[in-house]
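Shown next, in structure tokens, is the structure this report addresses.
The values are calculated or read from the model by the stated rules, or taken from the named source; none is laboratory data. Remember, it's a predicted structure, so these values are computed and weren't measured experimentally. So basically every Cβ, Gly included, is an ideal-geometry build from the backbone, and we count neighbours across all protein chains shown.
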């Protein structure tokens, strides 16, 4: 995990402002979150803290969790990770076990707060692991529904298809990272499936 160390130190050294009257939304995971440069503007009702780090796996997110997440004192957490694990040829079952570990870490250090887990996306660059992504998402979705009432599975992947093919407009030229249109879709789905429920109660 040493190759993430510089990025983790940057996150550790980022000053976390005192809590405002807004709910504190902490994002954690890989570059799909890191590169979301309009994220505060996209979720204005929340105090957004982005603790994602590029290239991270779900395993790495578990490994560094205690160093970067509890200090943020989150009210809500959104996770996007697992994409790079599968891209590195990790098995779906291994990603699933790391998801369970992540949920245990959240419970231990942050309490029973709301968690949103964004479905692992299919991308043009990773069509070769299409089935692994589908199976991993299935395992995690079933686990959330069975054992984690505080966690919401955010099914975004299905909306990224047009006529059974990945919508290429949602991706940058590399076929892996999201375009502006891709982030707009994510924003709308995250609000619809998860965040809107908190606005009327706060």
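Couple of notes before you dig in:
- Qualifying residue in the range 52-70 (condition: more than 29 Å from residue 139 (Cα to Cα) and at pLDDT 95 or above): no
Okay, residues lined up against (1) surrounded by fewer than 20 Cβ atoms within 10 Å (Cβ to Cβ); (2) more than 16 Å from the chain's Cα centre (by Cα):
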| residue | (1), (2) |
| --- | --- |
| 141 | yes, no |
| 148 | yes, yes |
| 151 | no, no |
| 154 | no, no |
| 169 | yes, yes |
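- Condition met for residue 104 (without any contact (Cβ under 8 Å) to a residue 24 or more places away in the chain and farther than 19 Å from residue 198 by Cβ): yes
- Members of the range 23-40 found to be over 18 Å from residue 177 (Cβ atoms) and modelled with pLDDT under 95, listed by number: 40
- Against the criterion of being farther than 28 Å from residue 67 by Cβ, out of contact with any helix residue (DSSP H, G or I) (no Cβ under 9 Å at 6 or more places or on another chain) and free of Cβ contacts under 8 Å to residues at least 40 places away in the same chain, residue 189 does not qualify.
- When 144, 190, 140 are checked against the criterion of being in a helix (DSSP H, G or I) and under 21 Å from residue 89 (Cα atoms), 140 stands alone in meeting it.
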